[in-house]
Every structure is written in C-alpha cells, then in structure tokens.
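*Asks:* What follows is a structure written as structure tokens; I'll ask about it next.
The values are calculated or read from the model by the stated rules, or taken from the named source; none is laboratory data. What you are looking at is a predicted structure, and each value in this text was computed from that prediction instead of being measured. A quick note on method: Cβ atoms are made from the backbone with ideal geometry, for glycine too, and the neighbour counts reach across all protein chains shown. These area figures cover heavy atoms from the full protein model, side chains too; ligands, DNA and RNA do not enter into them. Shrake-Rupley method; radii C 1.70, N 1.55, O 1.52, S 1.80 Å.
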Amino acid sequence: MGVIHPDICKAETLPSNYYTDQNIYLELLQKFHSSWNFIGLESMLEENSIMPISIGETPMLLTKTDSQIYCVSNVCTHRGMILCQENKTTSTITCPYHGRTFSLNGEIKHMPKFSEVENFPADNDNLPSAKVVNWHGLLFANLSDNESFEGYMSSLESRMSFLDFSKLNRDSSLDRLHELSANWMLYVDNYLEGFHIPYVHKGLNSVIDYSNYETEVFDNAVLQIGYALEGEESFDIPSSHQDYGKNIAAYYWWVFPNLMLNFYPWGLSINVVIPNGVSSTKIAYYGLISDNSKFGLGAGGNLDTVEEEDQWIVESCNKGMNSPLYQRGRYSPSMEQGVHHFHRLLTE
Ligand code: FES
Ligand SMILES: [Fe+2]
C-alpha cells in the first residue's frame, strides 16, 4: 500500500514532511514533467513574441512565429544562462551572456567566437522543446514524449460541452499574480474541498447552497459543483445534458497537477498554481468573459475576497506543517474526496 490508503475511511492525509522537505518537493515536481501543463492562452501571444513561463520549476519560453506556437527551454545551451526574463517582441532569442542566438522555434542561429569549435553546432546546441497543444485557445505543453493529450481534458470537455468556448474572451483587467508563503500542494488541497466554505467564505456561503455541494472524482481531475440559492445566477443547461434542471452556480474543475478552471454563468476564471520553492507559490489568474451582463454576480462574484480568504488559510497551514507536533490528519469521507484523490495521484 502506498502513502495514502485507497479507502478514504481508513486513510490518513499526506504527512507534513511532504509539504516541508526540499527533496520530496523536488521529487514531486517530476510529476509536472510527465504530465500535461497549462502554459498560457493563445490570445496572450502576438506574432514574433516570447514569454517566459515554467513547467514545474523548469524555465521555458512560450514563443510564436509564422503563426506557430512553440514551447522551448529558456536555458542557453552554452553555459546555462536564463535567456529571457520578461515578455518581448522579437524575431530571435539572444542570450544576454555571450550573444548566442536562436530562432523562436529553438534552432541555434549564431554563436560568436565559435568558428574553430569542432562538430558545432550539433543537435544539442538547439533549445530542447515541449510538445504544445492548443485546446479551445488554452495552451498545454508536455516535456515527455510518450503522453498523449487525448484523455487529458476529456472528462471536462464532455461535461462542459453545452458551453460555446469560442465565446470566451480574455479580459486582461482580470489578470492577477499572487505570491504566497506556502507549499503549492496546500493551495491545491484547499481548492479541492468546499468543506471550509461556511467557515472561511461567509460571502460566498450566502449565495450558494452548501447543503448540496458536490464532488466528483475523475482519473486526472476533480469536479466540484456549487448550487445556486434561489434567485442567484445559475447556468442555462440544455435538456439533453445530464445536469439539466439543476440550479448550478459554478463548476469548479481541477486538472492534475496545478490547473483550476472555474466556470460561472459569466464565463471562466482560471487559476494556475506555480510552485516557486518548497514554501513559496505563485498563483496566476486569468478571466475570460462570455456574458458581460452576468459578470460580478453569484458564486463568481467577489473572487478577490475569496482569494484573500483562501490565501490566509493556506499560509497558516504552511506554518502548521512545520510544527513538530503535527504529523498528519484524516479525511471527511463526504467532504474531502477531492483532496484524497489528489494525494493519491501525487504519491502513487
Ligand atoms: S551562456 Fe548563453 S551565450 Fe554563453
Ligand atoms: Fe476557499
């Protein structure tokens, strides 16, 4: 048996050193390398532009040239300098250290003072790249060769099929970048249960029907459904759909390892959890609106307040993980199936 018992009624939560130990942190980051990762939105990239991103903590560059999108290593193949630290419009990638240049697809173009070097350039002087898939304008990348994208978003795609993804337009005024002093998994744990809503989110609790909150578990995803209280904003769901007739205020999807897609009647709010050291995490937020008239209403209303409330919890739990008097806890079988599933996926 692994670290987490498959039977939630018998299981104990992740041991605290999973959140505090540097070696375990690095080992778990390998999961990002074998998985698909959300890396940005198609609409963020202009032709001939480059944008630093990361997969786990691996520095990468998202680029666009000749209408093609690439995701290449952001580490110079000469002596390992980070090539680019900020978004740029450019047709080449030039290393700031000794001037090695690459085209935006990662091919080496030029290196000063290297004319006498034998067998140069070779294949490994190009920038390694990740596979990229564009799914309804959301970009995903994978560093390993053998993972197919098919299946990765399939449970979400079929459940949300009643939405027209082409109507979602990014509103950059909804972008946020938060930094918190906590391990990334604590943020995911907290996201994966609605158990805390009545205690932590009084405002949100006043618009959703907590007694009907639901969690469904899929291979590499967890869906939580928030039902609207009478009179609050909810989805128009067609009669052919399994959720027809339900008063749904929000579909909260988490997809392994670090992507959260929150669907509201007004559109989609995306949170990406970016590990930034064992006790440091960045949360990037993007908002895509499909119906402006509903924006700001219902469960998807006061997102900044909800975020602040969650961050306080997550940072406080991070302090708790460092106490010698806490080792691990137990799960509520009715409220914490999502957290249990995440812990199993991480440790299996
Ligand atoms: S490290 Fe990039 S050119 Fe030397
Ligand atoms: Fe929360």
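*Asks:* Stretch Thr101-His33 to full length: gain in nm at 0.36 nm per residue minus the Cα-Cα span?
*Replies:* On the way: separation 68, 0.36 × 68 = 24.48 nm, distance 2.61 nm.
The span from Thr101 to His33 would gain 21.9 nm if fully extended.
*Asks:* Can I ask one more? Any idea how far apart Asp209 and Ser280 come out in nm if each label point goes 7 Å out from Cα toward Cβ?
*Replies:* So the two model labels end up 4.5 nm from each other.
*Asks:* Roughly how tilted is helix 303-321, in degrees to the nearest 10 and between 0 and 90, from the longest Cα axis of the chain?
*Replies:* With rounding to tens, the tilt is 80 degrees.
*Asks:* What is the chain's relative contact order, in percent, from Cα pairs under 8 angstrom and six or more apart in sequence? Before the final figure, lay out the partial values.
*Replies:* On the way: 678 pairs, mean separation 72.7, N = 348.
Value for the chain: 21 percent.
*Asks:* Further question: If I take every Cα pair under 8 Å that is 6 or more residues apart in region 37-142, average their sequence separation and divide by the length, what percent do I get for the relative contact order? Each step should come with its number before you reach the end.
*Replies:* Details: 221 pairs, mean separation 30.0, N = 106.
About 28 percent, as a whole number.
*Asks:* Shifting gears a bit: Can you classify region 130-170 as rounded, prolate or oblate using the Cα gyration tensor, where a ≥ b ≥ c are the square roots of its eigenvalues, rounded means a/c under 1.5, and otherwise it's prolate if a/b beats b/c and oblate if not? Don't skip to the answer; put the middle values down first.
*Replies:* Details: a/c = 4.44, a/b = 1.62, b/c = 2.75.
Taking the square roots of the gyration eigenvalues as a ≥ b ≥ c, region 130-170 is oblate.
*Asks:* Taking the 0 to 90 degree range and rounding to the nearest ten, how far is the long axis of helix 337-347 tilted relative to the main principal axis of the chain, both from C-alpha atoms?
*Replies:* Once rounded, the angle reads 30 degrees.
*Asks:* State the answer as a single residue: which of Tyr213, His340, Val278 lies farthest towards the positive end of the charge dipole of region 194-348, with beta carbon charges of +1 for Lys and Arg and -1 for Asp and Glu, about the Cα centre.
*Replies:* Result: Val278.
*Asks:* Another question about this same structure. I'd like the FRET efficiency for Glu42 and Thr94, computed as 1/(1 + (r/R0)^6) with the beta carbon distance as r and R0 of 35 Å, rounded to 0.05. Write down the numbers at each step before the final one.
*Replies:* Details: r = 25 Å, r/R0 = 0.71.
FRET efficiency, Glu42 to Thr94: 0.90.
*Asks:* Ranked from highest to lowest mean number of other Cβ atoms within 10 Å per residue, what is the order of the peptides 107-116, 242-251? Intermediate results must be reported in sequence, preceding the final value.
*Replies:* Working: 107-116: 12.5, 242-251: 16.9.
Most protected by this proxy first, the peptides run 242-251, 107-116.
*Asks:* So, one more: Let me spell out the model: positive unit charges on the Cβ of Lys and Arg, negative unit charges on the Cβ of Asp and Glu, origin at the Cα centre of region 161-347. What dipole size does that give, in debye rounded to 20? Display every interim value, and only then the final one.
*Replies:* Details: 11 positive and 23 negative charges, 109 e Å.
Roughly 520 debye for region 161-347.
*Asks:* For region 134-230, what is the per residue volume of the convex hull drawn over the alpha-carbon atoms, in cubic angstrom? Please report the intermediate quantities before stating the final value.
*Replies:* Values: hull volume 17.7 nm³, N = 97.
Once divided by residue count, the hull of region 134-230 is 182 Å³.
*Asks:* Something else about it: Would you please put 204-213, 338-347 in order of how densely packed they are, using the mean number of other Cβ atoms within 10 angstrom per residue and starting with the highest? Intermediate results must be reported in sequence, preceding the final value.
*Replies:* Numbers: 204-213: 16.8, 338-347: 21.6.
Taking the mean over residues of other Cβ atoms within 10 Å, the ranking is 338-347, 204-213.
*Asks:* With +1 assigned to the C-beta of every Lys and Arg and -1 to the C-beta of every Asp and Glu, and no other charges, what is the dipole magnitude of the chain about the Cα centre in debye, to the nearest 20? It would help to have the intermediate numbers written out before the result.
*Replies:* Numbers: 21 positive and 43 negative charges, 124 e Å.
About 600 debye.
*Asks:* Express the accessible area of the chain per residue in Å², computed with a 1.4 Å probe while the remaining protein chains stay in the model.
*Replies:* Working: 16310 Å² over 348 residues.
Value returned for the chain: 47 Å² of accessible area per residue.
*Asks:* Additional query: In percent, how large is the relative contact order of region 81-145, given Cα pairs closer than 8 Å and 6 or more residues apart?
*Replies:* Numbers: 71 pairs, mean separation 11.9, N = 65.
Relative contact order for region 81-145 comes out at 18 percent.
*Asks:* Go ahead and estimate [θ] at 222 nm for the chain from helices alone: -39,500 (n - 2.57) per DSSP H run with n ≥ 4, summed, over the residue count, rounded to 500. Show your work: numbers first, answer last.
*Replies:* Working: 8 runs with 69 residues, N = 348.
Helix-only estimate at 222 nm: -5500 deg cm²/dmol.
*Asks:* Work through the residues other than Leu29 whose Cβ is under 13 Å from its Cβ and net out their charges, Lys, Arg +1 and Asp, Glu -1. Mind showing how you got there, number by number?
*Replies:* Working: positive: Lys31; negative: Asp21, Glu27, Glu57.
Taking every other residue near Leu29 into account, the sum is -2.
*Asks:* Looking only at Cβ-Cβ distances, which cysteines of the chain have no other cysteine closer than 4.7 Å?
*Replies:* If one checks each Cβ against the other cysteines of the chain, Cys9, Cys71, Cys84, Cys317 turn up with nothing under 4.7 Å.
*Asks:* How far apart, in nanometres, would the label points at Phe218 and Ser161 be if each is projected 7 angstrom from Cα along the Cα-to-Cβ direction?
*Replies:* Label-label distance for Phe218 and Ser161, simple model: 1.2 nm.
*Asks:* Moving to a separate point now. How much of the accessible area of region 110-152, probe 1.4 Å, is carbon plus sulfur, in whole percent? All intermediate terms of the calculation are to be shown ahead of the outcome.
*Replies:* On the way: 1280 of 2820 Å².
The C+S portion of the solvent-accessible surface of region 110-152 is 45 percent.
*Asks:* Considering only C-alpha atoms, what is the centroid distance from region 17-46 to region 122-193, in Å?
*Replies:* 11 Å
*Asks:* Calculate the FRET efficiency for Lys10 and Glu150 from the Cβ-Cβ distance with a Förster distance of 35 Å, rounded to the nearest 0.05.
*Replies:* Values: r = 34 Å, r/R0 = 0.97.
Given R0 = 35 Å and the Cβ-Cβ separation, E is 0.55.
*Asks:* In addition: Taking 56 Å as R0, compute the FRET efficiency from the Cβ-Cβ separation of Lys109 and Glu230 and round it to 0.05.
*Replies:* 0.35
*Asks:* Here is a follow-up. Would you kindly compute the Cα radius of gyration of region 56-96 and its largest Cα-Cα separation (Dmax), both in Å?
*Replies:* Both quantities, over Cα of region 56-96: 10.4, 30 Å.
*Asks:* What does the extension gain come out to for Asp175 and His241, with contour length at 0.36 nm per residue minus their alpha carbon separation? Let's see the in-between values first.
*Replies:* On the way: separation 66, 0.36 × 66 = 23.76 nm, distance 3.17 nm.
Gain in length upon complete extension: 20.6 nm.
*Asks:* Here is a follow-up. Whole Å is fine, so just give me how far the alpha carbon centre of region 79-99 lies from that of region 228-296.
*Replies:* Between the Cα centre of region 79-99 and that of region 228-296, the gap is 36 Å.
*Asks:* Would you mind checking the radius of gyration and Dmax of region 37-142 based on alpha-carbon positions, in Å?
*Replies:* 13.7, 48
*Asks:* Where the accessible area of region 161-347 is counted over protein heavy atoms with a 1.4 Å probe, how much of it, in %, is carbon and sulfur?
*Replies:* On the way: 3890 of 8050 Å².
About 48 percent, which is the carbon plus sulfur part of the accessible surface.
*Asks:* Another question about this same structure. Taking the radius of gyration and the Kirkwood hydrodynamic radius from Cα positions alone, what is the Rg/Rh ratio for region 2-96, to two decimal places?
*Replies:* Here the Rg-to-Rh quotient is 1.15.
*Asks:* Something else about it: Quick one: if you take sqrt(5λ) for each eigenvalue of the C-alpha gyration tensor of the chain, what semi-axes come out, biggest first, whole angstrom?
*Replies:* Numbers: eigenvalues 280, 128, 62 Å².
In descending order, the three semi-axes are 37, 25, 18 Å.
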